[in-house]
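Notes follow once the structure below has been shown.
The values are calculated or read from the model by the stated rules, or taken from the named source; none is laboratory data. What you see is a predicted model, and the numbers here were worked out from it, not measured in a lab. Heads up, the Cβs are rebuilt from the backbone with ideal geometry, glycines too, and the neighbour counts pull from every protein chain shown.
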Amino acid sequence: MKFILLLALILNTLLYFPINNRNVKKFFNFELPLDKKIPYLPIFSIFYVLAYFYWGGTVLFALINQPDSYFLKLIISLLITGISSYILYLIFPATISWPKLSNISISEKILKMIHGTVKATSLFPSLHIAYTLIYTFFLLSLFPNLLIPLSLLTILICVSTVFIKAHYLLDLIAGAFLAITVFYLVFSVWLI
């Protein structure tokens, strides 16, 4: 059962790329005046990329160490979050203007690699925020004593998305709202 769920998660993740790389003529602008005041800090690209390892490590941990029912709740949370986001991406395509990169620092080279692999059409809500929060809530439900380090990691990943100009603040708020809602419904309301 776990491998079927893992396959579903992989297929769900692969859906992101055609949705994000589609041709869109009209974009919604979710930029707030406050977004313009947030500094561009390319060093935070490290935390942005670290999120992928955090997510993969958490899935691997859950696959190996958690009972089927708990793994099921994690994967269902991620699938609902992903599919909900994809629907919103299709309804509200949004983009962001990435800063010009000098390609001098390692962090800017990382950003150039990120910018080269995707077109930014899927920003609202931020899946970086939503997935990171779901994984953090999942781990905290198992290891409440890791509150401080997991919270710190989560905060760094979340703020990285605005510091590297990958998302606007509204994208973060929507991603957080989605993650909190889905996690609560799946882990607290849905009785498996």
Of the criteria (1) touching a Lys or Arg at 6+ places or on another chain (Cβ under 6 Å); (2) at pLDDT 95 or above, which one T132 fails: (1)
Helices (runs of 4 or more DSSP H) fully within the range 1-107 counting 2 or more residues that are closer than 20 Å to F187 by Cβ, among the hydrophobic types (A, V, I, L, M, F, W, C) and in contact (Cβ under 8 Å) with a residue 40 or more places away in the chain: 2-20, 45-65, 68-91
Among residues of the range 57-72, those that are more than 13 Å from L6 (Cβ to Cβ) and modelled with pLDDT of 95 or more, counted: 1
Count - residues of the range 144-168 that are of a type in the set (A, V, I, L, M), in a helix (DSSP H, G or I), buried (at least 19 other Cβ atoms within 10 Å of the Cβ) and under 13 Å from the mean Cα position of the chain (by Cα): 2
So L111, is it closer than 23 Å to I180 by Cα, among the aliphatic types (A, V, I, L, M) and either modelled with pLDDT of 90 or more or crowded, with 18+ Cβ neighbours inside 10 Å (or both): no
In the range 60-75, the residues that are in contact with a Phe, Trp or Tyr (Cβ under 8 Å, 6 or more places away or on another chain) and either hydrophobic (A, V, I, L, M, F, W, C) or farther than 17 Å from F137 by Cα (or both): A62, L63, L74
Matching residues, the range 1-31, being of a type in the set (V, I, T) and at pLDDT below 85: V24
Residue count, the range 76-108 (criterion: surrounded by fewer than 13 Cβ atoms within 10 Å (Cβ to Cβ) and modelled with pLDDT of 90 or more): 3
Number of positions in the range 161-192 that are at pLDDT 95 or above and of a type in the set (G, A, S): 4
Hits in the range 17-42 - residues which are farther than 23 Å from L88 by Cβ and among the aliphatic types (A, V, I, L, M): L41
Hits in the range 32-48 (condition: buried (at least 16 other Cβ atoms within 10 Å of the Cβ) and modelled with pLDDT of 90 or more): D35, F44, F47, Y48
